[in-house]
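Only one structure is covered here, and it is reproduced in the block below.
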């Protein structure tokens, strides 16, 4: 997957489905929280999770760009 659509410092939506019970997931299996990208590797995005206040690694499948208002 290409990293060109993400930049360090960008606000994104993170899928934190492991943080909650399955009954709280969206129809597509997401538990969405906001975050900020701090680093990008070939396989992962490192981001600060605004909900937990911690930094973690997320696969590209678990990150979506925030829609611009």
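What follows is calculated from the coordinates using simple rules that are stated; it is not laboratory data. These figures come from a predicted structure and were not determined experimentally. As a convention, Cβ positions derive from the backbone with ideal geometry for all residues, glycine included, and neighbour counts pool all protein chains shown.
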Give, in nm to one decimal, the length gained when the segment between residue 38 and residue 60 is fully stretched (0.36 nm per residue of separation minus the Cα-Cα distance).
6.5 nm
Label-point gap, in nm, between residue 46 and residue 67 - each point 7 angstrom along Cα→Cβ
3.1
